Amino acid sequence: MLVRDLEARGISLTVVGDRLRLSAPTGVVTPELRETLQAQKPAILAYLLERAATDAPLSLSPVSRQNPIPLAVAQERIWFLHQLSPESAAYNIGGALRLRGRLVPEVQARVWTALVARHEALRTVFTTVDGQPVMRVLPSAALEFDQQDLSASPVDEHEALIRTRALEYMARPFDIERGPLWRVCLLRLAEDHHVSVVSMHHLVSDHWSMTILTGEFCRLYTAFVQGQPIELPSLPVQYVDYAVAQRAWIDGPRLQAPVDYWRRQLADLTVVELPADRARTPIADGRPGWSWSPLPAPLLARLRDLAAARHATLFMVLVAAWKIVQSRYTGTTDVTVGTPISSRPVRDVEQVVGMFVNTLVLRTDMSGSQTFDELLARVRQVALDAYANQDVSFDHLVSVLKPARDGRTPFFQVLFNVLNAPVEPIRLPGLHAEPVRLHMPGIQFDLNIVVETEQPDPAQNGMAVSFDRHLFDEATIARLMAHYVRVLDAVVAAPSCRIDDIDLLDDRERHTIVTAWNATADPLPAGETVVTLFDARAQAQPDAVAVVADGVETTYATLHRRARAIARTLSRLDLGPARIVGLCLHRSSDMVAAVYGVMMAGAAYLPLDPAFPADRLAYMVQDSTTTVVLSERTLLAHVPDGVTVICLDDSDAVDDDIDDAGAIGSPTLDDRAYVLYTSGSTGRPKGVEIPHRAFLNFLLSMAREPGMRETDRLLAVTTLSFDIAGLEICLPLSVGARVVVASRDDAVDPARIARLLATQAITVMQATPATWRLLLDDGWEGDSGLTVLCGGEAMPPDLARRLCAATGAVWNMYGPTETTIWSTIARVEAGGDEVVSIGRPIANTQVYVLDDRRRPVPIGVPGELFIGGDGVAIGYFQRPELTASRFVPDPFSGKPGARLYRTGDLARFREDGRLECLGRLDGQVKVRGFRIELGEVEAVLARCAGVRQVATVVRSVQGDDAVLAAYVVADDRSADTGTLIEAVRGHARRHLPPYMVPAYIVTIEALPLTPNGKIDRRALPAPSPVSTATAGAPPSTSMESRLAAIWAEVLHLPDVPVDGNFFDLGGHSLLLAQVQRRVQETLQQPVTMLDLFQHPTVRSLAARLSRTEGRDEVARDAGIRDRMARQRRALDRQRTSRPLSGESR
């Protein structure tokens, strides 16, 4: 029973002579278990020997070395990845040993020669036969034993030099076809100080193998130095024998039950990635970074106690705590990690060098409000089940389950390992030996965490993290591991605590995020409102031009008088505070005067855009209880029925000649300034109520930064129904500047906008990214004196670069209507980041990135953006339930009644305190198990040459599952549609992981826009195979036909669509190797595995090969022409040297 219980926990017991050998997952073998095994050793040995004869999982016997030998399952993926990146060091492993004392290098070389003769893996090379990778064992292999003398270097530089040289040495790629796949370098620092560096390819070795080689090296070195006989046990089989036996075994019935387990365990698994500092590339470049975090001895002791008390292992406790961190960082409760496990299923391979490591996927459901004890119990059971089903190799599992592939390891991107086996001392005669902690030169995962718990020096216990340096900064990883240590502290202090209650942030980080980055207090001036700012400017500079509209200039005095007249008229109708007045006006100086006139009366203005549908205008008027609308006679048809209309172009409606100050109300900061309707998720527009306090705070903050002076001239191009028009109208008039109001026709015509910018000497203009791009694409060359304000949508990096190059200053503005126009701003610098930051909060504004429990998330971690402060709206007009759901109590403010607005935007803080907006929370889509941010896809496609604009949506087309569809607007409308689609598709595949490449690409003349100038995604047409040239199209060229025939043969399909992805059609890496061989044989063209991986459709591969063929034909034609010219010259020489016909000889 004991043996079966141990096997259920993943512990493999084998007999080596009269010794009992254990192979166990990290953290499983406790000191108590070792005592139990020692006490029952005789009985266990007898049981295992009896069972071995009838129950061996593998039947091993030597096989012929003359025939090609197939790879073991675990080797296949490594071989394939090597084909993609032959120069990569991602799968180089090794270590270094510091040797102090008298070392005999000649003996060291002799030892390695003996080890090469003993272990065939060190003489194995890899090639292909009929497209299949195979192993070949060489009868002998040259010893690659380098020596470098560093003794002349300063002693204080030795340690840095050791690490630099060792890393350079270990990073050298291996030629797996010629070998050898290992090498040794001896660094000499002094006569009695050496460092031995060993580097091997993972195809022929693993961590256990390195331990075997270290032990045998010590025994052989000792024997050679002391002249003793060599005593190493014989090896009945070698790694190639195991590989052949494993192939036969996995095809048998024994694996069906464990495969079924993994199929259930990994069903519907979503690929979840840790938030990275930079965007991913289709193929990782394998540049590693390293980080080290100590694990204090008292904490480690308490973790061991916790594991023992819960009948778990230290590994289980450590990985359960890690999953809390990973869940918080990724925002998911379905958390997977991988963990390595040595897989040597029979006694005969216990001392064999080779690639025996397996990887288990540990998936844990962390949903529900559970305690750490409950989570640990789940993790324990998941681990035990995984150990019980470990006979299925990870790579075999991938081939059977066929998960979505994107060039990285499927199922997980965090590898978690615990090294808790006691470190045996290395004994060599005349030498003191100790390992040198080195960083591996490659990285196979986003994150590889190794927790060391059994170092002889407790100070050396800790967490060694290697990470993809292309994705993460070292500071990010250091912060991540600090949060992990906080979780460890929390769970040992209170194992029964709810995991949702564990706080990742320490006091310092919390203060930074909550307080320091929100230190925006700037008291509003007493007695001021938006109206009084305008009053003051009109009094100070009455004759200055305030507004220019339709070529007519209106002074401050005239505009102010007109606004007061409108206010007087409204006041006589008792339209003061708590009342709403509609504005349905042409874009003119009267529109500006009406805005101020309504506010002067104490009422709130409601924009009613004449371009809006009649039913929408009618709903807004009715819902807002508006009874009076300011309009014009030419727009009466657009004004809804049932209201009183005051036509401002009717001289009798408003009397400009009487100036009765007492008849005008005086708004307070708590009164509404305007009500603006925005679309609702239910399709029912909602009215946002903005108070004067918020509007005033906004204008004062904007006047300081980005800044506006009385000498500025702003071109207003935005409809009044878009809240950002409030800046265009009121900001200039609050500082004495000039507003140039573009007409409706001018505002939609880039040529007219450009003309106004030039003729009116404009210094500031605000617009959406779509408008700015329209202007630039129309040929506008820019103006170094212009300040650009850009907001309303995410600013694409390419647009940011173009604007920076064309203008004097560019500002990215962010803010929802519910927090008064803009809440954060950022000065955009040329050559900036991949994602344009939305900056920092404006005055008297606070921003928080919170999780689903409204707690601050760590720096760099995405969460929902909440905004507080003076800019927060009153709420939604007469929608108390909706208001309560979106405007929530502010737990960070000491002000009574303070609220936060839930933006619904996904954001995160950068390390410097600037914000990144990552898109809408509902813009996060899931396709083929991968979570995708549409904004990221759009940003990449927008950089493709020939593309002016792009929008992406998720569509279900012709009954298919949800897929990505991209809609692109060409720079050149006369461009060939098919060519553009292929260019975009190729660009996407070059710059995005495969799962983010749109399945449908549709060309469209213009992206539909809402009245506010934003992209109207709902109005995008449904894609179709015809419009997108997507999967389903038959071959159209000779090259495509030949390739499609090869694919169909290899994939056993009747036909292959030219845009079908090879992996989506059932292909995998080994079948791709067959395609490579057949393409080279059939087409007589060289093609690499990387070519095939980067061009996974018939169409893209045909284009790639056709370019090569074209270059070859040009070269051949040139060669033929050159030969013909030489022949003609030779013939001419022959003719001049021969006698003419008929002459005497």
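Only one entry of 325, 353, 317 meets the criterion of being at pLDDT 95 or above and part of a loop (DSSP other than H, G, I, E, B), and that entry is 353.
Could you identify the single residue in 473, 468, 506 that is surrounded by fewer than 15 Cβ atoms within 10 Å (Cβ to Cβ) and either without any contact (Cβ under 8 Å) to a residue 60 or more places away in the chain or not aliphatic (A, V, I, L, M) (or both)?
Values: 473 fails: surrounded by fewer than 15 Cβ atoms within 10 Å (Cβ to Cβ); 468 fails: surrounded by fewer than 15 Cβ atoms within 10 Å (Cβ to Cβ).
None of the others qualify; the one that does is 506.
Of the numbered criteria (1) more than 30 Å from residue 157 (Cα to Cα); (2) part of a helix (DSSP H, G or I), the one residue 217 fails is (1). In region 569-601, which residues are in contact with an Asp or Glu (Cβ under 7 Å, 6 or more places away or on another chain) and surrounded by 24 or more Cβ atoms within 10 Å (Cβ to Cβ)? The answer is 585, and nothing else.
If you go through region 892-911 one residue at a time, do you hit one that is under 22 Å from residue 813 (Cβ atoms), of a type in the set (Phe, Trp, Tyr) and at pLDDT 95 or above? There is at least one residue in region 892-911 that is under 22 Å from residue 813 (Cβ atoms), of a type in the set (Phe, Trp, Tyr) and at pLDDT 95 or above. Quick check on residue 166: is it crowded, with 17+ Cβ neighbours inside 10 Å, assigned to a helix (DSSP H, G or I) and in contact with a strand residue (DSSP E or B) (Cβ under 6 Å, 6 or more places away or on another chain)? So residue 166 passes the test. Restricting 384, 419 to residues that are within 18 Å of residue 207 (Cβ to Cβ) and either of a type in the set (A, V, I, L, M) or at pLDDT 85 or above (or both) narrows the list to 419. Looking only at residues in region 149-163 that are of a type outside the set (Ser, Thr, Tyr) and surrounded by fewer than 16 Cβ atoms within 10 Å (Cβ to Cβ), the one that is nearest to the chain's Cα centre (by Cα) is 160.
Look at region 305-319: where a residue is assigned by TED's automatic domain parsing to the domain that holds residue 375 and acidic (Asp, Glu) and a partner is surrounded by fewer than 23 Cβ atoms within 10 Å (Cβ to Cβ) and assigned to a helix (DSSP H, G or I), sitting 6+ places away or on another chain with Cβ atoms under 9 Å, you get 305/492.
When region 571-595 is examined, which residues are found to be outside any loop (DSSP other than H, G, I, E, B) and either of a type in the set (Asp, Glu) or modelled with pLDDT under 95 (or both)? Show your work before the answer.
Start the filter on region 571-595 by keeping residues that are outside any loop (DSSP other than H, G, I, E, B), which leaves 571-572, 580-583, 589-595.
If the condition is that a residue be outside any loop (DSSP other than H, G, I, E, B) and either of a type in the set (Asp, Glu) or modelled with pLDDT under 95 (or both), then 571, 572, 590 are the ones that fit.
Flag set for residue 336, criterion: under 30 Å from residue 400 (Cα atoms) and touching a strand residue (DSSP E or B) at 6+ places or on another chain (Cβ under 8 Å). Only one of (1) assigned to a helix (DSSP H, G or I); (2) in contact with an Asp or Glu (Cβ under 8 Å, 6 or more places away or on another chain) fails for residue 269. Which number is that? Going through (1) assigned to a helix (DSSP H, G or I); (2) in contact with an Asp or Glu (Cβ under 8 Å, 6 or more places away or on another chain) one by one, residue 269 breaks only (1).
This table checks each residue for (1) modelled with pLDDT of 75 or more; (2) assigned by TED's automatic domain parsing to the domain that holds residue 944; (3) farther than 30 Å from residue 725 by Cβ.
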| residue | (1), (2), (3) |
| --- | --- |
| 992 | no, yes, yes |
| 1005 | yes, yes, no |
| 1020 | yes, yes, no |
| 1041 | yes, no, yes |
| 1057 | yes, no, yes |
| 1060 | yes, no, yes |
| 1067 | no, no, yes |
| 1071 | no, no, yes |
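Return only the number of the condition from (1) of a type in the set (D, E, K, R); (2) free of Cβ contacts under 8 Å to residues at least 60 places away in the same chain; (3) more than 26 Å from residue 838 (Cα to Cα) that residue 738 does not satisfy. Answer for residue 738: the failing condition is (2).
For beta carbons closer than 7 Å, sequence separation of 6+ or different chains, a first residue in region 604-621 that is more than 29 Å from residue 669 (Cα to Cα) and a second that is surrounded by 22 or more Cβ atoms within 10 Å (Cβ to Cβ) and of a type outside the set (S, T, N, Q), the qualifying pairs are 610/584.
For (1) surrounded by fewer than 22 Cβ atoms within 10 Å (Cβ to Cβ); (2) not β-branched (Val, Ile, Thr), each residue gets a yes or a no:
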| site | (1), (2) |
| --- | --- |
| 666 | yes, yes |
| 673 | no, yes |
| 685 | yes, yes |
| 726 | no, yes |
| 732 | no, yes |
| 740 | no, no |
| 746 | yes, yes |
| 750 | yes, yes |
| 761 | yes, yes |
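So, residue 874, is that one outside the structural domain of residue 475 (by TED's automatic domain parsing), more than 28 Å from the chain's Cα centre (by Cα), closer than 26 Å to residue 703 by Cα and surrounded by fewer than 24 Cβ atoms within 10 Å (Cβ to Cβ) or not? In short, yes. Specify the residue that is farthest from residue 740 (Cα to Cα); the eligible residues are those in region 686-706 that are among the small types (Gly, Ala, Ser) and touching a residue at least 40 places away in the same chain (Cβ under 8 Å). Filtering region 686-706 for residues that are among the small types (Gly, Ala, Ser) and touching a residue at least 40 places away in the same chain (Cβ under 8 Å), the one farthest from residue 740 (Cα to Cα) comes out as 687.
The values are calculated or read from the model by the stated rules, or taken from the named source; none is laboratory data. Quick caveat: nothing in here was measured; it's all calculated off a predicted structure. We place every Cβ from the backbone using ideal geometry, glycine too, and count neighbours over all the protein chains shown.
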